[in-house]
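I have placed the structure first, in the form of structure tokens, so that the comments after it can refer back to it.
The values are calculated or read from the model by the stated rules, or taken from the named source; none is laboratory data. Note that the coordinates shown come from a computational prediction; the quantities given were computed from them, not determined experimentally. Here the Cβ positions follow ideal geometry from the backbone for every residue, glycine too, while neighbour counts run over all protein chains shown. All accessible areas refer to the heavy atoms of the entire protein, side chains included, with ligands and DNA or RNA removed. Shrake-Rupley method; radii C 1.70, N 1.55, O 1.52, S 1.80 Å.
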2 protein chains.
Amino acid sequence: MTEVVRVLLADDEHLIRGALAALLSLEDDLVVVAEAATGPEALAMARAHAPDVAVLDLQMPGADGVKVATSLRAELPGCRVLIVTSHGRPGHLKRALAAGVRGFVPKTVSAQRLAELIRTVHAGNRYVDPELAADAISAGDSPLTAREAEVLELAADGAPVAEIAERAALAEGTVRNYLSSAATKLGAENRHAAVRLARERGWV
Amino acid sequence: MTEVVRVLLADDEHLIRGALAALLSLEDDLVVVAEAATGPEALAMARAHAPDVAVLDLQMPGADGVKVATSLRAELPGCRVLIVTSHGRPGHLKRALAAGVRGFVPKTVSAQRLAELIRTVHAGNRYVDPELAADAISAGDSPLTAREAEVLELAADGAPVAEIAERAALAEGTVRNYLSSAATKLGAENRHAAVRLARERGWV
DNA sequence: CGCTCGGCATGACAAATGTCAGACGCGGCT
DNA sequence: AGCCGCGTCTGACATTTGTCATGCCGAGCG
């Protein structure tokens with residue numbers, strides 16, 4: 001094991017990023033070559049340092065971890081991506097895997113374990129946290145059609161139907177119809193509960 | 001400075017807690033005597049080890065940082081509390097200060113800075129992050145009356161008015177009235193937008 | 001081709017929600 | 001005491017939202 005893994009660390013919480021950098025540096029075969037606090041910064045750093053593995057927080061200002069991963073996939077195909085997250089929602093995992101992410105774990109893992117996982121994804125293997133995977137499977141695919149999801153998203157901040165209709169270029173009746181069917185599919189009493197459920201499952 | 005500060009660390013994210021414990025241990029005058037992943041666990045650990053300073057995450061399973069701080073205040077008056085948080089909302093700061101918390105900072109600070117702050121609060125001084133303080137001041141006090149806030153909270157998960165009325169033991173008309181006046185005070189179009197705004201400002 | 005099925009879209013009607021004027025009690029103020 | 005102002009509470013009315021029956025179009029299939 002003479003090979004050294006060059007790591008990029010991106011997380012908006014300085015406390016965690018710094019602490020993590022220090023801990024990972026204790027491992028002989030890992031070296032943190034760059035740190036970033038935002039999505040765009042992470043991309044810039046990746047271009048500049050071409051790391052072997054990028055450890056990305058899911059929620060960062062600017063662009064979230066999955067978006068960064070997508071861009072990275074295109075620009076630096078050799079760079080493996082490992083996502084860490086505080087509040088894992090099923091849909092995110094699905095999107096992340098679709099973006100070519102190699103690992104997906106909650107922040108409840110230990111640093112020791114994270115170091116192992118960095119080696120794992122660097123070796124070309126995949127790893128997703130079993131519990132998150134189980135959630136994603138039990139949540140299943142979104143039953144919503146494209147328009148239903150679109151309208152539900154526009155309804156997310158509590159806007160009245162008239163405004164949604166205008167933004168989506170639809171008749172009010174149509175908007176109500178989509179909201180209603182979305183709510184039925186999700187088993188919600190009304191559209192607001194539907195928005196909440198869809199968010200929890202990562203479908204919006 | 002021969003005195004050693006005994007620290008309790010509570011955060012549900014193992015990654016951060018562990019990393020933090022390691023970093024703080026590098027400081028000669030700080031020693032982490034206990035760690036916890038949940039609110040109740042933090043309380044139990046505090047009782048067992050009687051730390052000088054408790055570093056608490058705001059959002060933990062079981063009981064949040066402020067609730068733990070309140071209990072701690074009663075049981076271990078000598079233990080100073082420092083709250084760290086990822087997403088600082090104005091209302092939380094206010095609640096925290098009311099609970100006798102001595103420090104309140106976002107997780108974007110560096111570990112170095114955190115170590116300084118632990119010494120600061122241990123010395124009996126207070127510290128709140130300037131930016132969070134500014135937010136709290138600009139957000140001001142909640143304009144909602146007790147009933148308005150209560151009803152708005154019951155409406156938070158999208159429940160229909162009839163259900164809220166039953167839970168609050170009020171007539172439906174009354175509930176609608178409170179929701180309406182709350183929405184007006186918050187400058188919201190409807191109650192759902194009102195819930196969102198009140199959450200953002202930490203008023204629910 | 002002719003058929004069915006599912007997604008998209010609409011308007012009319014029923015139900016839920018928002019708005020209004022007003023009643024009651026309580027505390028502060030002159 | 002008498003008079004506000006404020007919070008609490010209510011029902012009646014207007015508006016918004018949810019539900020339903022229906023039509024249109026393209027994809028898949030016998």
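Numbers at a glance
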read-out: At q = 0.16, 0.23, 0.26 Å⁻¹, base-10 log of I(q)/I(0) for segment A:1-71 (Debye sum, equal scatterers on each alpha carbon); value: -0.50, -0.95, -1.15
read-out: Dipole in debye (nearest 20) - segment B:146-200, about Cα centre, beta carbon charges: Lys, Arg +1; Asp, Glu -1; value: 160 debye
read-out: Segment A:100-204: translational diffusion in µm²/s, Stokes-Einstein, Kirkwood Rh over Cα pairs, 25 °C, 0.890 mPa s; value: 154 µm²/s
read-out: Average beta-carbon neighbours from other chains, 10 Å sphere, peptide B:151-157; value: 1
read-out: Volume in Å³ per residue [convex hull over Cα atoms, computed for the protein assembly as shown]; value: 164 Å³
read-out: Mean residue ellipticity (222 nm) of the protein assembly as shown, computed from DSSP H runs ≥ 4 via -39,500 (n - 2.57), nearest 500; value: -15500 deg cm²/dmol
read-out: Distance-filtered residues of segment B:67-87 - backbone nitrogen under 17 Å, label point 7 angstrom along B:Tyr127 Cα→Cβ; value: B:80-86
read-out: Rounded accessible area per residue of segment B:5-139, 1.4 Å, Å²; value: 39 Å²
read-out: Average other protein chain Cβ within 10 Å of Cβ, residues A:60-66; value: 0
read-out: Dimensionless Rg ratio for segment A:146-200, taking C-alpha atoms and the 2.2 N^0.38 Å reference; value: 0.98
read-out: Neighbourhood charge, 11 Å Cβ-Cβ cut-off, centred on A:Arg167 and excluding it, Lys, Arg +1 and Asp, Glu -1; value: -4
read-out: Shielding by partners, peptide B:103-112 (average Cβ within 10 angstrom, other chains); value: 4
read-out: Amide H partners (placed H, <5 Å) of B:Ala36, local residues excluded; value: B:Leu9, B:Ala10, B:Asp11
read-out: Position B:Gly78, label points 7 Å along Cα→Cβ, spacing to each other copy in nm (shortest first, one decimal); value: 5.9
read-out: Relative packing of peptides A:72-84, B:15-27 - highest average C-beta neighbours within 10 Å first; value: B:15-27, A:72-84
read-out: Highest to lowest packing among B:182-189, B:139-146, scored as the average C-beta count within 10 Å; value: B:182-189, B:139-146
read-out: 7 Å along Cα→Cβ, label-point gaps from B:Lys185 to other copies, nm, shortest first; value: 3.8
read-out: Per the axis that maps chain B onto chain A, nearest residue of B (Cβ criterion) and its distance in Å; value: B:Ala19, 2
read-out: Percentage relative contact order, chain B, counting C-alpha pairs under 8 Å, at least six apart; value: 15 percent
read-out: Gyration tensor (alpha-carbon) shape descriptor, segment B:93-143, a/c threshold 1.5; value: oblate
read-out: Dipole magnitude (debye, nearest 20) for the protein assembly as shown, charges at Cβ of Lys, Arg, Asp, Glu; value: 520 debye
read-out: Dipole of segment A:146-200, positive direction: furthest Cα of A:Val151, A:Tyr178, A:Ala165, with charges on the beta-carbon; value: A:Tyr178
read-out: Residue-count net charge about B:Ser180 - beta-carbon cut-off 14 Å; Lys, Arg +1, Asp, Glu -1; value: +1
read-out: Pair B:Thr174, B:Glu200: separation of 7 Å Cα→Cβ label points (nm); value: 3.1 nm
read-out: Calculated label separations, A:Glu131, copies of the chain, 7 Å along the beta-carbon direction, nm; value: 3.0
read-out: Principal axis dimensions, segment B:5-139 - Cα atoms, whole angstrom, descending; value: 38, 29, 28
read-out: Total charge dipole magnitude, segment B:5-139, about the Cα centre, Cβ charges on Lys, Arg, Asp, Glu only, Debye to nearest 20; value: 460 debye
read-out: Residue pairs, from the table A:Lys185/B:Lys185; A:Lys94/B:Lys67; B:Lys67/B:Lys107; A:Lys67/A:Lys94; A:Lys67/A:Lys107; B:Lys94/B:Lys185, whose Cα atoms sit over 25 Å apart; value: A:Lys185/B:Lys185; A:Lys94/B:Lys67
